[in-house]
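S.K.: Below: one structure in structure tokens.
The values are calculated or read from the model by the stated rules, or taken from the named source; none is laboratory data. Note that this is a predicted model, so its numbers are computed, not measured. With ideal geometry, Cβ positions are generated from the backbone for all residues, glycine too; neighbour counts draw on all protein chains shown. Side chains included, ligands, DNA and RNA excluded: accessible areas come from the protein's heavy atoms. Shrake-Rupley method; radii C 1.70, N 1.55, O 1.52, S 1.80 Å.
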Amino acid sequence: MIALAADHGGFALKEQVKQWLDEQQIPYRDFGTLDGASCDYPDMAAAACDAVVAGSCEKALLFCGTGIGISMAANKIKGIRAACCSDYFSAKYTRMHNDANALCLGGRVVGAGLAIELVDVFLHTAFEGGRHQRRIDKVAALENR
Ligand code: RB5
């Protein structure tokens, strides 16, 4: 189960990605926003990321205007490793090396075609483990300072 969330700046892109998820028969839960009205990206990030931390969702796809604000908010939540990506290499390697569990996309930055490529590789690339596990353990330790 994939958690989705967006503010108004990412709403339209979230809807386009949802259409692709439907076509791929990838199950998701949409934590909003459910219309294009102005709302605050930290509120939207929290609900979806809480579901990832609780284990009811495996990963989150988060959207705002730039992808940056919602990634900053998501990374404040213990257990979330959110990556704001607008290129294929980063979306792939943040899974392989960072075990990212949230992909953040900018609705005013990337078009739907690229966004879908990024989501596809993010959802289908495995974490490599090994030396990268040690590093993400150190990232997690920073949460407790
Ligand atoms: C909203 O206008 C915009 O600031 C937000 O979507 C996002 O881009 C923030 O990082």
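S.K.: Hey, any hits in region 20-37 for a residue that's of a type in the set (A, V, I, L, M) and in contact with a helix residue (DSSP H, G or I) (Cβ under 6 Å, 6 or more places away or on another chain)?
M.R.: No: zero hits.
One line per residue, one yes/no per condition, for (1) touching a Cys at 6+ places or on another chain (Cβ under 9 Å); (2) away from the ligand (no atom under 16 Å from the Cβ):
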{"position": "Ala37", "(1), (2)": "no, no"}
{"position": "Asn101", "(1), (2)": "yes, yes"}
{"position": "Glu117", "(1), (2)": "no, yes"}
{"position": "Glu128", "(1), (2)": "no, yes"}
{"position": "Asn144", "(1), (2)": "no, yes"}
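S.K.: Find the residue count for region 114-145, including only residues that are outside any loop (DSSP other than H, G, I, E, B) and either open to solvent by less than 80 Å² (accessible area, probe 1.4 Å) or under 18 Å from Lys78 (Cα atoms) (or both).
M.R.: Final tally of qualifying residues: 20.
S.K.: If we scan region 70-79, do we find a residue that is closer than 17 Å to Phe127 by Cα and either at pLDDT below 95 or more than 15 Å from the ligand (Cβ to nearest atom) (or both)?
M.R.: yes
S.K.: Could you say whether any residue in region 2-20 is at positive phi and either more than 11 Å from the ligand (Cβ to nearest atom) or buried (at least 23 other Cβ atoms within 10 Å of the Cβ) (or both)?
M.R.: Scanning region 2-20 turns up no residue that is at positive phi and either more than 11 Å from the ligand (Cβ to nearest atom) or buried (at least 23 other Cβ atoms within 10 Å of the Cβ) (or both).
S.K.: Let me spell it out: the conditions are (1) open to solvent by 30 Å² or more (accessible area, probe 1.4 Å); (2) within 21 Å of Glu58 (Cα to Cα); (3) modelled with pLDDT of 95 or more, and Gly111 meets all of them except one. Which number is the exception?
M.R.: (2)
S.K.: Tally time: how many residues in region 48-69 are within 16 Å of the ligand (Cβ to nearest atom) and open to solvent by 30 Å² or more (accessible area, probe 1.4 Å)?
M.R.: 2
S.K.: Is there a residue in region 70-86 that is exposed (fewer than 15 other Cβ atoms within 10 Å of the Cβ), without any contact (Cβ under 8 Å) to a residue 12 or more places away in the chain and not basic (Lys, Arg)?
M.R.: no
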